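Just below is one structure, and these are the notes that go with it.
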Amino acid sequence: MRGTFRASVAVAVLAGAYGVYERVAAFSEAKDRNFKMMLTLECGSRLSEETLRRTLNEHGLLDLGKVGCASEPFRASFDEIRQARDGVWRRDWQETRFDMKAAAEYALGYAAVALLLVNLLGLAFVAVRAVFGWIATGYRPAP
């Protein structure tokens, strides 16, 4: 059983590292998406009001894809364009930080489950081996 516990600690550390990696990757992807959105809004903020009004839809949203700011339809409101002109989006994007504490808490769940599962598998292996040994000896108690 001692070897099983050591293995479970190693697997738990690996599972925790994977959990942190997962959070870092998700954060990086979200920050990249927000960066692209910020650049698209800033592109729209450099255009004149008349140019933007031509892209208005029935809901009062602008389609920045029609004016060359995005490769696909990108809906934005005039308020978002004004915020981009004022630099609100860029400041928000620059202030976004990775939360290591939240990532560690997330990874702790992975580590706990891995520790428990490997120990339970080790216990099951020992129990099955004992049962087969008992059967092989003709159902006699162990000395």
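The values are calculated or read from the model by the stated rules, or taken from the named source; none is laboratory data. Everything quoted here is computed from the prediction, not taken from an experiment. Cβ sites come from the backbone with ideal geometry, for glycine too, and all protein chains shown count toward neighbours. These accessible areas exclude ligands, DNA and RNA; they are computed on the full protein's heavy atoms, side chains included. Shrake-Rupley method; radii C 1.70, N 1.55, O 1.52, S 1.80 Å.
222 nm [θ] for the chain, helices only, -39500 (n - 2.57) per DSSP H run of 4+, per residue, to 500? Theoretical 222 nm ellipticity from helices: -25000 deg cm²/dmol. If only the Cβ of Lys and Arg carry +1 and only the Cβ of Asp and Glu carry -1, the dipole of the range 1-131 around its Cα centre is close to 580 debye. Rolling a 1.4 Å probe across the protein heavy atoms gives the range 1-102 an accessible surface of 68 Å² per residue. Within the accessible surface of the chain, defined with a 1.4 Å probe on protein heavy atoms only, the carbon and sulfur portion equals 62 percent.
Express in whole angstrom the spacing between the alpha-carbon centres of the range 1-75 and the range 117-138. Centre-to-centre (Cα) distance: 49 Å. Measuring only protein heavy atoms, the 1.4 Å probe finds Val88 accessible over about 50 Å². In the chain, a dipole from Cβ-located charges (positive for Lys and Arg, negative for Asp and Glu) runs towards its positive end, and of Ser77, Ala26, Met38 it is Ala26 whose Cα lies farthest in that direction. How big is D, in µm² s⁻¹, for the chain by Stokes-Einstein at 10 °C and 1.306 mPa s if Rh is the Kirkwood radius over C-alpha pairs? Once the numbers are plugged in, D ends up at 79 µm²/s. Note on the range 1-79: Rg/Rh from Cα positions, Kirkwood definition for Rh, rounded to two decimals, is 1.45.
Would you list the membrane-span-like helices of the chain, meaning whole DSSP H runs whose alpha-carbon atoms span at least 27 Å along their axis and whose mean Kyte-Doolittle value is at least 0.0? It would help to have the intermediate numbers written out before the result.
Values: long enough: 2-45 (64 Å, 0.23); 100-136 (53 Å, 1.60).
Answer set is 2-45, 100-136.
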